[in-house]
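The values are calculated or read from the model by the stated rules, or taken from the named source; none is laboratory data. Please read these numbers as outputs of a predicted model, since none were measured by experiment. Here Cβ is always computed from backbone atoms with ideal geometry, including for glycine, and neighbour counts include all displayed protein chains.
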Amino acid sequence: MGNYFNSFIHCLKGLSLSETQKAGIKQDLREYKACSQHAIQRAKTIYGEMREKYKVKYQRLWNAYQDGTITKEEFREKVTELKAAFKKELREMHVKEKLDDSLKICLRKFFKALHETLSERQWNAFVECYKQ
């Protein structure tokens, strides 16, 4: 969950949570992780498959450079184009698979559950902290 998770925990720690709230939030976090796991696994699979495909394309360019078919400058230019194509195709696959939407839905469910667990004062303090 990365950096935003650390700031998320930091913001929760300042809320004087009850033991019941802590237990509820831990459960909500488990549910979020389970919800997002499918999208994350699918993203990793897509990345791995595409990486293999682009590795082959890179190897062809490398071979062409090694055997003198293309110059060093042409090699660098084509590798730059290849990287851009990889990023574009990866992004398109994520959109096609609706991975970002899946993760947003999971996060939205989590924040809804968190809002229900916290008092209004705690929620407002959390939101204010998290924005920073």
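Applying the set (1) of a type in the set (Lys, Arg); (2) exposed (fewer than 13 other Cβ atoms within 10 Å of the Cβ); (3) modelled with pLDDT of 90 or more to residue 57 leaves exactly one unmet item: (2). Listed conditions (1) at pLDDT 90 or above; (2) under 19 Å from residue 41 (Cα atoms); (3) surrounded by 16 or more Cβ atoms within 10 Å (Cβ to Cβ) are all met by residue 105, apart from (3). Within the stretch 28-39, the residues that satisfy the criterion of being surrounded by 14 or more Cβ atoms within 10 Å (Cβ to Cβ) and within 13 Å of the chain's Cα centre (by Cα) are 36, 39.
One residue is enough: does the stretch 100-113 have a residue meeting the conditions charged (D, E, K, R) and touching a Phe, Trp or Tyr at 6+ places or on another chain (Cβ under 8 Å)? Yes, there is a match, as at least one residue in the stretch 100-113 is charged (D, E, K, R) and touching a Phe, Trp or Tyr at 6+ places or on another chain (Cβ under 8 Å).
Among the residues examined, residue 98 does not qualify as modelled with pLDDT of 90 or more, of a type outside the set (A, V, I, L, M), within 18 Å of residue 36 (Cβ to Cβ) and exposed (fewer than 14 other Cβ atoms within 10 Å of the Cβ). Annotation: of all residues in the stretch 112-132 being out of contact with any Ser or Thr (no Cβ under 9 Å at 6 or more places or on another chain) and in a loop (DSSP other than H, G, I, E, B), the one that is surrounded by the most Cβ atoms within 10 Å (Cβ to Cβ) is 118. Looking only at the stretch 65-101, residues that are under 19 Å from residue 53 (Cβ atoms) and hydroxyl-bearing (Ser, Thr, Tyr) come to 1 in all. Look at the stretch 28-40: where a residue is in contact (Cβ under 8 Å) with a residue 60 or more places away in the chain and a partner is of a type in the set (Lys, Arg), sitting 6+ places away or on another chain with Cβ atoms under 9 Å, you get 28/109; 31/109; 32/109; 35/109; 39/98. Residues satisfying the criterion are absent from the stretch 48-57 (criterion: aliphatic (A, V, I, L, M) and not in a helix (DSSP H, G or I)).
For the criterion of being of a type outside the set (Ser, Thr, Tyr), touching a Leu at 6+ places or on another chain (Cβ under 7 Å) and surrounded by 12 or more Cβ atoms within 10 Å (Cβ to Cβ), residue 93 fails. Just so you know, in the stretch 1-21 the residues that are surrounded by 13 or more Cβ atoms within 10 Å (Cβ to Cβ), outside any loop (DSSP other than H, G, I, E, B) and modelled with pLDDT of 85 or more include one that is farthest from the chain's Cα centre (by Cα), and it is 21.
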